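To start, the structure under review is shown below, and the notes come after it.
Nothing in this text is a laboratory measurement; each read-out follows from the coordinates by a stated rule. It should be emphasised that the depicted structure is a prediction, and the values quoted were computed from it without experimental measurement. Cβ coordinates were reconstructed from backbone atoms using ideal geometry, including for glycine residues, and neighbour counts include every protein chain displayed.
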Amino acid sequence: MLQRILPQEQDRRGDCPATLTSGKRGCASAEDVGAAVRIRDASFPEPFARGLEFNAPVHGAWNIVHVGMQVPECHQIYVCADNCMRGVVLTAAEMDAADRFSCVLLEEEDLYEGSLETVTIEGVADAIRRLPYRPRAVAVFLVCLHHFVGTDAAYVYSSLEKQFPDIDFMRCWMDPVMRRSGLSPEQKLKESMFRPIRPLPPERRIVCDLGDNQPLDPESELSLAIREAGFTLFQLQDCKTYDDYLRMGAADLFITRSPSGIHGVMQLAKRLGRLFLYLPPACGEEEINAELAALREVLAGIRPECARSGDMRSGSIRLEDGKEPFRRSREALARVLSLIGDTEMTIDHFATPRPLSLARLLLESGFHVTRVYLDAVAQEEKDDFDWLRDRFPDLILNATVHPGMRVLHKRENEGHMLAIGPKAAWFGGTAHFVNLVECGGLWGFTGIEKLAAQMEDAFLHEKDTRKLVPRKGFGCTCVL
C-alpha cells in the first residue's frame, strides 16, 4: 500500500509542483534534454520536436498482429526481411496463434533483380497452398521495402485474387516509415479488415461497434442505451466465424470509440450506405451527455415508429436521467480521494486516447496529477489542453519516445506515486498502477466509477511491474 499523503493546506489551484528531474543521481532532467515541458510552455498539437525515437519496453498496446487476429478464419502472411519479421513472429507465438501466421522472407537479391512483385506473389501463393486448411480470408502485409522499390501493390493483389477467387484478400501494410505521412499502419489495417464486409439487407436491430480492440463494457451507459432502444450491440469480439464477421453488413449503424478506428469504420459505413457515429471515451459530464443524446437521435431516426409510440425505452440516454450515474461517479472519485490524499499521480496515453481529458477530470476532483505521458495532443483534446494550461500551468507533459527517456526513467519501486497506465508505471518506477490500455472498454459515468475502483485497488496493492508491462496486447491470449 502506498503511504497516504494528506492534502496540503494551501490552495493548489494552478499548482502542480512536481520536478522535471528523473530522481536519478546526477543525471540531466527531462526538461533539459527536451523530453518534458510544462503545459504553459507546450506547443499544440506537438509539444516535442521529432527525431530519433526510443521504444520503451512497455507493450500492452495492441500491434497489427493482435488487431488482425480478431477476424476469425483469417490467416496473416507477412512479406518481409527476416530482421523486421522477428517482432511479428514473436507476437503470433506469444498469443498462441502461430498456426494462423505465415511469412515470406525477402532476400537482398530480390531488390537488385527487380523481381519483388514476382517473389511476393509466388511466396504468398505458396504459403497458402501449404496450409492444412483453406482460410476464408488472408491478410497480406507488404512492408517498407515495397515502398522503396516502387512495387505495384495493386498488381500483386489482383494476381492473388485471380489465383484464389474464393479467398478475401485484405491489403495490409507493415510500414512504420510511413507513420508520419498519412494514415498509420493500424488505421490502414482496420480499413482493409472491413473491406470484405459487403452490404446485406439491414435488419434494423443491429448497432456494430468496430475499430475498438477492447470490447465495450456491457454495463456502460452506451451499451444500456443501445439495448433499451431495442437494438442488439454487435462487436468484432462477438464474431466466432467468418460468417459472423460478414453479418455485420446488415447493421444500420456503425460506431467506434477509438481514434484509430474512425477512418476504417467511416469508410465502411459510407460504402454500405449506413450511418456512422464516433463516440470516444469522454470524461466530462457535458460531453458524455452530448454523445448519448447524439446516439439517441440517430437510433430514433432508424426506428421512428418506436419513438412515436413510446416503445423506445431510452432512459439511459435522456439527459435528465443521467444525473444518477453522474452522481455515483463523483461519489466514487471522492471516496478514492479521501483514501489517497495528495499522493502524486501520473497518466499515460496507453491507458486512454484522451489522457488530458482524464487529467482534467482528476484535477477538477482534487487529485494531485503532476505528469501526463504523451507524444502529441489530439485535436479533440484542444479544449482540455487550453483548460489545463490556464488553470494548471505547471502540469508536466512528458514524451515517451524521446531518446532521453532511455535513461531518465526511474528504477523499479523508486517512484512513490499512483500511475494510470503501464507506461506511466514504468517511467515512474512504481508498482502501484492501474494496468489499463485503451480504456479497457470503460465508457461514460459508469466507466469513471469503475476506474475509481481500479485506482483504489492500485493504491492498496502492488503489481509486478517488470512482469506485467512487457506483455504484448493487453487483453489478448498470452502463453507467457
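Structure above, values below:
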{"item": "Residue within region 107-122 that is within 30 Å of LEU374 (Cα to Cα) and not aliphatic (A, V, I, L, M) present", "result": "no"}
{"item": "Qualifying residue in region 100-120 (condition: closer than 28 Å to THR477 by Cβ and assigned to a helix (DSSP H, G or I))", "result": "yes"}
{"item": "Among (1) surrounded by fewer than 21 Cβ atoms within 10 Å (Cβ to Cβ); (2) farther than 26 Å from ALA35 by Cβ; (3) of a type outside the set (S, T, N, Q) - the single one TRP443 does not satisfy", "result": "(1)"}
{"item": "Considering residues of region 332-364 that are without any contact (Cβ under 8 Å) to a residue 60 or more places away in the chain and under 15 Å from ALA453 (Cα atoms) only, the residue surrounded by the most Cβ atoms within 10 Å (Cβ to Cβ)", "result": "LEU362"}
{"item": "Any strands (runs of 3 or more DSSP E) falling wholly within region 221-280 and containing at least 1 residues that are polar (S, T, N, Q)", "result": "232-235, 253-256"}
{"item": "Search result, residues across region 43-98 that are assigned to a helix (DSSP H, G or I) and among the charged types (D, E, K, R)", "result": "ASP82, ARG86, GLU94"}
{"item": "Test for ASN289: is it part of a loop (DSSP other than H, G, I, E, B) and polar (S, T, N, Q)", "result": "no"}
{"item": "Matching helices (runs of 4 or more DSSP H) fully within region 362-452 where at least 2 residues are touching a Ser or Thr at 6+ places or on another chain (Cβ under 7 Å)", "result": "422-428"}
